[in-house]
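Okay, so here's the structure we're looking at.
Read-outs: derived from the displayed coordinates by stated rules, not from any lab. Fair warning: this is a prediction, and the values are worked out from it, not measured in the lab. Cβ placement follows ideal geometry from the backbone for every residue including glycine, while neighbour counts extend to all protein chains displayed.
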Amino acid sequence: MTTPSVGIIMGSQSDWPTMKLAADILDELGISYEKKIVSAHRTPDRLWTYGKEAAGRGLQVIIAGAGGAAHLPGMMASKTRVPVIGVPVQTRALSGVDSLYSIVQMPKGFPVATMAIGAAGASNAGLMAAGILALQDADLAARLDAWREALSASIADEPVDE
Ligand code: RP5
């Protein structure tokens with residue numbers, strides 16, 4: 001079995017509706033990925049093994065989403081040099097500000113490219129991964145350019161009464 005380019009990991013099944021938005025972007029752009037539940041707190045051994053094997057398996061980008069005490073992206077960045085894009089999942093208690101603060105404030109040496117809270121962040125994580133991969137893949141670069149142009153073209157010149 002060939003290794004996908006992107007690993008999408010999340011702390012819980014409950015994160016999937018958000019993280020699926022990253023997967024949807026990768027599907028649209030024809031990028032291979034895998035999706036796994038890897039929890040920093042509930043399955044720490046799984047996190048360790050995933051991080052230890054990521055580069056050797058050929059993963060090129062990891063998109064990691066978690067909510068609340070969202071330690072998954074940072075711990076994964078500590079364990080692998082594969083670039084980690086963090087998605088703060090929106091929470092009920094603190095609206096995802098807890099997730100954002102847990103992910104964004106990494107110490108020097110172990111960066112996480114942190115996206116916005118929630119849906120926009122997850123979609124942008126997919127696009128960020130695409131942009132990284134497109135640096136080495138001209139066909140993907142063309143697909144990403146076309147995707148961006150289509151989005152721009154879909155924006156009306158003037159607002160209408162609703
Ligand atoms: C985190 O706790 C997960 O990433 C999730 O966002 C949050 C809540 O998880 P569940 O209680 O819904 O499984 O670890």
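Overview of values
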{"item": "Efficiency of FRET from Cβ geometry, ARG92 and LYS36, R₀ 30 Å, rounded to 0.05", "result": "0.80"}
{"item": "Virtual spin-label span in nm between GLU149 and GLU28, 7 Å along Cα→Cβ", "result": "1.6"}
{"item": "Environment charge at ASP45 (Cβ cut-off 15 Å; Lys +1, Arg +1, Asp -1, Glu -1)", "result": "+4"}
{"item": "Potential extension, SER78-GLN136 segment - 0.36 nm per residue separation minus Cα distance", "result": "18.4 nm"}
{"item": "C-alpha center-to-center spacing [segment 1-39, segment 65-90] in angstrom", "result": "13"}
{"item": "For segment 6-153, average projected area of the Cα convex hull in nm²", "result": "8.6"}
{"item": "Among 32-44, 81-93, 150-162, 59-71, the order from most to least packed when residues are scored by Cβ within 10 Å on average", "result": "59-71, 81-93, 32-44, 150-162"}
{"item": "Dipole magnitude of the chain about its Cα centre (Cβ charges: Lys, Arg +1; Asp, Glu -1), debye to nearest 20", "result": "1140"}
{"item": "For segment 6-52, projected area of the alpha-carbon convex hull averaged over all directions, nm²", "result": "3.2"}
{"item": "Around MET10: net Lys/Arg minus Asp/Glu count, Cβ-Cβ under 15 Å", "result": "+2"}
